[in-house]
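No lab work stands behind these numbers, since they all come straight from the coordinates. Fair warning: this is a prediction, and the values are worked out from it, not measured in the lab. All Cβ positions, even for glycine, are placed from backbone atoms using ideal geometry, and neighbour counts span all protein chains on display.
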Amino acid sequence: MKTIQFYIGLDVHENMTAYAIRSFKGAIIKSGECATRYEDLYKALEPYLFSCRIGLESCTSYYHIYWSFKKKGYDILVANTLRIRQLVAKDDRLDAERLSDMLRLGSFPTSYVPDETLMKLRSLVNLRQNFVEESTSFQNQIKSALAKHGLQIHERTSFSKRWCEQLQRYIAEHPELPELYHAYEHYQLLEHKITTLTAEILTFGKKYWSKEMVLLDSIPGIAKVLSSYFVAEICPISRFSNEKKLRRYAGVIPCFKESGGKCYGSNLPKTSSRSLLRWALVQASWAAVKGKNNLSKYYHKKKKTRPKTKAIMAVASSLSDIIFKVLSTRKPYVKQSCS
């Protein structure tokens, strides 16, 4: 086994990266900052790259740096952001130094790095979700403008075909309300982008993960679009050793803190490292409980003793277990009779 002589910690930001190089015995040999470009980092680190291990913190700018070193054959790891925040103070150079020390001591909390194909799907899914959220925002702006000017649309479903036809008549009849025209025009553009991007995501997903998407589509509440979300956030399922690991990753399992032999807290975390995954689980759960299945039965049972928001999170946790089983066994979900 090759002996590692140097441990290099990188605190990567959008424009600047702090680095620290530590010897096998633990002494800081060199530290500094440079632009977040592979060429600049390579130039600064080159004398130590022949026998090193590199560690960097996961962030929006790490992916290019990681793969640039990885493709050259260097030993590089990405830290788990949530665990590293508990260990590292927020000072860029100090962060880099402590990352290098954790590498040396073998206490570096690693994070999964998706390959380029999966990363592309994640990017497409995240972009679609941004468009969906922006579209919802503009829907609210349009409704607010209608209410402000005393205009009502008597249709049960907002932004249905007939609802939009009546809105267009209002826009034509009230040229003195340009905010309605511009907001609706932008909403239409966003809906077109969402439709186009959805088709691209489904085509791309079927090309590389057709089996996984078929398996996920067999689960109540999960349609084709949401199945691509789960593939992007979860696959490969072998990353998780059991159902509990996936639930914790998705943020649908209560967190406990132990001190003095006592456990404190039993609430779900307010944030999750994979907030989009938790959102997708909740959306799928709401769709599932509308049908006749065991998830719906479970939801109505839970709703008797707790608020519906907590009841649906319990369903999301169960749905996470079903997803794990379906993907790990590679067998479709068998719908059980609900008496």
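Could you tell me which label, among [x] 1.23; [y] 1.10; [z] 1.04, carries the value of Cα Rg over 2.2 N^0.38 Å calculated for this structure?
So the structure-derived entry is [x].
Could you work out how much longer the chain between LYS70 and ALA287 gets when fully extended? Use 0.36 nm per residue separation minus the Cα distance between them, nm to one decimal.
74.0 nm
State, to one decimal in nm, how far the label point of GLU134 lies from the label point of SER107, with both points 7 Å from Cα in the Cβ direction.
Once both label points are built, they end up 4.4 nm from each other.
Considering the options TYR66, ILE28, LEU105, tell which one lies farthest towards the positive end of the dipole of the stretch 6-105, charges being +1 on Lys and Arg and -1 on Asp and Glu at the Cβ, about the Cα centre.
LEU105
Measure off 7 Å from each Cα along the Cα-to-Cβ vector at THR195 and ARG162, then give the distance between these two points in nanometres to one decimal.
My value for the distance between the label points is 2.0 nm.
Enumerate the calculated ³J(HN,Hα) couplings along the stretch 28-35 in order (Karplus 6.51 cos²θ - 1.76 cosθ + 1.60, θ = phi - 60°), each rounded to whole Hz, writing x wherever the residue is Gly or Pro.
6, 8, 7, 8, x, 9, 7, 5
With n ≥ 4 as the cut-off for DSSP H runs, can you work out [θ] at 222 nm for the chain, using -39500 (n - 2.57) per run divided by the number of residues, rounded to the nearest 500?
Here the helix-only value at 222 nm equals -18500 deg cm²/dmol.
Which of rounded, prolate, oblate describes the stretch 6-105, given a ≥ b ≥ c as roots of the alpha-carbon gyration tensor eigenvalues and a/c under 1.5 marking rounded, otherwise prolate only if a/b is larger than b/c?
It comes out rounded by the Cα gyration axes.
Which part of the stretch 136-150 falls in the paramagnetic zone of GLU173, meaning amide N under 15 Å from the point 7 Å along Cα-to-beta-carbon?
The answer is 146-147, 149-150, whose backbone nitrogens lie closer than 15 Å to the label point.
Is any helix in the chain, taking whole DSSP H runs, at least 30 angstrom long along its axis by alpha carbon and on average at least 0.5 on the Kyte-Doolittle scale, and which ones?
Within the chain the helices that satisfy the rule are 308-329.
Placing +1 at every Lys and Arg Cβ and -1 at every Asp and Glu Cβ, with all other atoms neutral, what dipole size does the chain have around its Cα centre, in debye to the nearest 20?
Taking the Cα centre of the chain as origin, the dipole is about 2100 debye.
Going by Cα centres, the stretch 117-176 and the stretch 1-59 are how many Å apart?
Here the answer is 48 Å between Cα centres.
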